[in-house]
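This report refers to the structure that appears directly beneath it.
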Amino acid sequence: MIGKTGPTELIRDANEHLMSKAQESTKHHDCLLGMDQPITRRDFLNAGLLGVGATLLHPSAPIQLIGKEDPWDGYGAVGDYANSSGNTQEVIRVGHEIRNGRYDHLPPNALDTGESFDLVVIGGGMSGLGAAYYFKKAKKPSWKCLILENHPIFGGESKRNEFLVNGQRLIGPQGANEFDIPAKPGEQGYELYAELALPREFEYSRLDPKFGKLQFDRTNYGFQLWVDEAGSFGTFFSQGSHGVKPQWVRDLWGKRLKEAPFSERIKQDFLTWKYGRKRYYDREDFEHWLDTMTYKHYLEKVMGLSFEVTRYVDPVLAAAVGLGSDAISAYTAFQVAMPGFQGFSTDPYYAPKWEDLSLFTWHSFPGGNDGFARFLLKTLIPGAIEGAATFADTLNGRVNFKALDQPENDICMRVGATAVRVEHERLPEKSEHVWITYVKDRQVYRLKARGVVMAGCRKTIAMLIASSSILQCWW
Ligand SMILES: Cc1cc2nc3c(=O)[nH]c(=O)nc-3n(C[C@H](O)[C@H](O)[C@H](O)COP(=O)(O)OP(=O)(O)OC[C@H]3O[C@@H](n4cnc5c(N)ncnc54)[C@H](O)[C@@H]3O)c2cc1C
């Protein structure tokens, strides 16, 4: 997508290297993948990319590649997102303080910044950036907005990570990554897509013909489950995990596991999970029933499948929803189209064979939906991302952190700032302002706003509403 160093070439190089490395001893391979390293809670989102990155360099563990030793911070990589992989220790520390009631009353050391905004948006993810965008479109010239974001950088779930591998800059998404281009006026998102001047066509770099018909999914995760019957999709079986000579199996699911080095019993379990049509609950309120148990319980206790299936499922789910099968309900798994629920559907099972992936209408920017966050930010604060307002510059430009929070901006963003209290100045009907209290660099501040948008997703916002005297937001 971005010329010679586009993702296709990067993946191709990485894949080539992976394949050759796979012939080496299992121990060496496991080391390359960092299997000998303790895994921190933030590793899983980046594990795929780092696994690839790790094979391209000689040090044995990904964490060594980037010289980060703090077990909490995990991989940090390089660039503007290096300190913002998942939640940071400071985000969690302040979040726990809210939970523990530290801000149920205004702390006496809270400093009044003296600022007053027309709107304060809490949360710098897609929702918060979107709220600020529509505020900017509708506002009077003098009106000002402040976005408070508790992480070191904007984007929320739509952030990227960047890695330098042999001088090559690899970019991968932390979370949200796939999108479809809204096709016609009236379709959700069509106008916004046009207003942000996002391209409607993308030119992908071409794969070297020596790879024959090998194709790549344009998203970062389609092959993991939803589009896994494809000739270009290979599954690697290592000696460490499967006790077999390390080997690749092409089109594992399309060939119904025929070449998989599994026992017949395990194969049968996987096929039951993926293609079985048995209905495990007869009543109509099956959705509610699915919501009473974890997906792990449903697979192992209701369907009676072996834990190998759960082990396969967990990283797929982690990439899709951020949690494993022991933490999400069977109903959530049903909602994100995980297998095991065909008995509840009247549609005949349809397994498309993906021969030509170029026909897909979905796309991913190299860093996933961070592309949208960056386009929104560039529109809100033009100097926030270096370069022109072009596709390439908006995606590749460095973030100018100084430009985010300047008094002359009509839209400001304050990063590393957790809102901890939101309250009317007096009774709501008599209030002209809301007080917003936030913590930045361990100091408590407060400022005023005529209106507030709570766009922090579900993270601290529920606690904030519970602990603050906010009754309504207005603008
Ligand atoms: C693993 C995963 C994969 C996904 N894949 C896709 C996909 O492929 N395509 C797609 O379209 N969608 C996808 N989604 C959904 C998409 O990520 C979300 O719908 C979207 O990013 C949500 O944006 P948001 O702004 O509402 O919340 P968030 O992105 O969570 O942003 C909220 C921000 O507010 C901050 N915040 C919270 N509380 C406070 C506070 N008190 N003070 C200051 N800041 C605060 C948060 O830290 C965060 O940065 C995926 C989601 C996940 C979890």
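Taking the Cβ of Leu447 as the centre, find all other residues whose Cβ is under 9 Å away and add up their charges (Lys, Arg: +1; Asp, Glu: -1). Local net charge: 0. Pairs over the 26 Å Cα-Cα cut-off, from the set Lys137/Lys159; Lys159/Lys301; Lys267/Lys296; Lys159/Lys378; Lys159/Lys296: Lys159/Lys301; Lys159/Lys296. Peptide packing for 148-161, 109-122 was compared via the average number of neighbouring C-beta atoms within 10 Å per residue; ordered from the highest value, the list is 148-161, 109-122.
Read-outs: derived from the displayed coordinates by stated rules, not from any lab. On a predicted model such as this, the values are computed, not experimentally measured, just so you know. Backbone-built Cβ (ideal geometry, glycine too); neighbour counts: all protein chains shown.
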